[in-house]
1. Amide H of Ile249 versus every other amide H placed in the peptide plane: which residues, excluding those fewer than 5 positions away on the same chain, fall under 5 Å?
2. Starting from the Cα of Val113, move 7 Å in the Cα-to-Cβ direction to define the label point; list residues of the stretch 51-79 whose amide nitrogen is under 16 Å from there.
3. Tell me the accessible surface of His28 in square angstrom (1.4 angstrom probe, heavy atoms of protein chains only), to the nearest ten.
4. Using alpha carbons only, how many angstrom separate the centre of the stretch 45-62 from the centre of the stretch 88-150?
5. Give me the accessible area of Tyr149, 1.4 Å probe, in Å² rounded to the nearest 10.
6. From the phi of every residue in the stretch 210-216, what ³J(HN,Hα) in whole Hz does the Karplus formula 6.51 cos²θ - 1.76 cosθ + 1.60 yield, where θ is phi - 60° and glycine or proline is x?
7. Could you work out what % of the accessible surface of the chain is carbon and sulfur, using a 1.4 angstrom probe and leaving DNA, RNA and ligands out of the count?
8. Counting other C-beta atoms within 10 Å, and keeping those with at most 13, which DSSP coil GluC sites (Glu not before Pro) do you find in the stretch 141-176?
Amino acid sequence: MMDHQLAEPISFGEDGVLRPKYADDNIHEVYWLNVFGKKQIELVGRERLLSVPGSCVEELPNGSVLLVTHPTAADFGSDEARVAQARALVHLRPDLEFEAVMGTLRERTSSLVPVEPRFHPDVEPLLKHQIEHVPLSERPRKTAEFNAYRPPDPEEWLPATAALSANVREKDAVPSQYVELTRGLDEFLFYSVQSIYRATPSSLTEIDVALLSHVSLRLGGAKAVAHMVPAVGVYLGQVLVKNLGGEWILRKQLEESQVRIGGRVWLPFVRAQRYLTSQQAVIDYSLTQFYREAERRRS
């Protein structure tokens with residue numbers, strides 16, 4: 001689907017729908033395709049409207065006037081198309097200066113020049129997901145912004161010498177609630193993470209992406225998802241244990257449990273608390289980045 005901002009949509013008068021940012025019936029913009037209604041025709045004059053320079057100027061059966069400024073929409077951002085657009089607007093608005101209008105239109109075009117994504121590797125899948133939901137007209141600016149983004153360095157760890165001692169005896173090296181909490185996490189994510197029961201690093205990335213679009217984070221914020229901290233924390237910890245040779249240090253208070261890897265203990269539940277506060281926090285404190293940092297530091 002063509003982005004509505006790039007296509008520069010139809011500008012309707014009283015017979016259609018005015019753009020919300022304009023409260024009057026004056027002609028503030030001319031797009032590639034325009035339909036002028038009764039009040040705008042009265043304001044400008046039918047004769048002036050019908051004499052506007054453009055690729056197509058036509059009276060419609062209902063009395064409105066159709067204006068197409070340039071033959072094709074595909075090259076709406078070309079200088080030739082922008083000149084046609086500016087000439088039409090200045091014809092309808094003699095109070096405007098052609099060069100000033102052209103300057104605005106050229107600036108608009110320059111803002112649409114594609115920017116090559118160079119996202120931080122630890123959060124690249126998340127930023128790619130986000131950019132796909134940005135209007136096409138805003139993607140170059142947003143891509144440049146994401147290129148400059150660097151997630152905070154993970155701080156949810158301690159030297160192994162500072163670890164809390166285990167105070168739970170478990171036959172297995174997995175918290176007893178792991179299966180139940182993972183099922184709850186799967187349900188919370190609407191069963192959208194196909195690899196969740198494999199507990200792999202890619203599963204963490206899938207969870208990150210799923211949470212970015214989760215209705216609870218978008219509408220309810222932290223309070224709506226706070227109950228998921230134990231599930232996310234225990235899952236993150238188990239991925240560290242399974243894939244990086246970590247060892248659970250289990251505590252009666254589950255959220256005090258840690259994972260020892262080499263000379264550090266990692267605090268998955270602290271990470272989960274920060275992670276589940278907002279959509280932006282999902283990026284700033286992603287599970288993927290936490291895992292990759294633990295992987296880099298495991299020696």
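1. Answer set, sorted by chain and number: Gln258, Val259, Arg260.
2. Those under the cut-off are 77-79.
3. Near enough 60 Å² of accessible area.
4. Distance between centres, Cα-based: 32 Å.
5. The accessible area of Tyr149 comes to roughly 40 Å².
6. Karplus-based 3J(HN,Hα) across the stretch 210-216 equals 5, 6, 4, 9, 5, 4, 5 Hz.
7. Result for the chain: 52 percent of the exposed heavy-atom area is carbon or sulfur.
8. Sites meeting the loop and neighbour criteria: Glu155, Glu170.
The values are calculated or read from the model by the stated rules, or taken from the named source; none is laboratory data. Treat the numbers as computed from the prediction; the structure is a model and nothing was measured. Heads up, the Cβs are rebuilt from the backbone with ideal geometry, glycines too, and the neighbour counts pull from every protein chain shown. Surface areas here come from the heavy atoms of the whole protein model, side chains and all, with no ligands, DNA or RNA. Shrake-Rupley method; radii C 1.70, N 1.55, O 1.52, S 1.80 Å.
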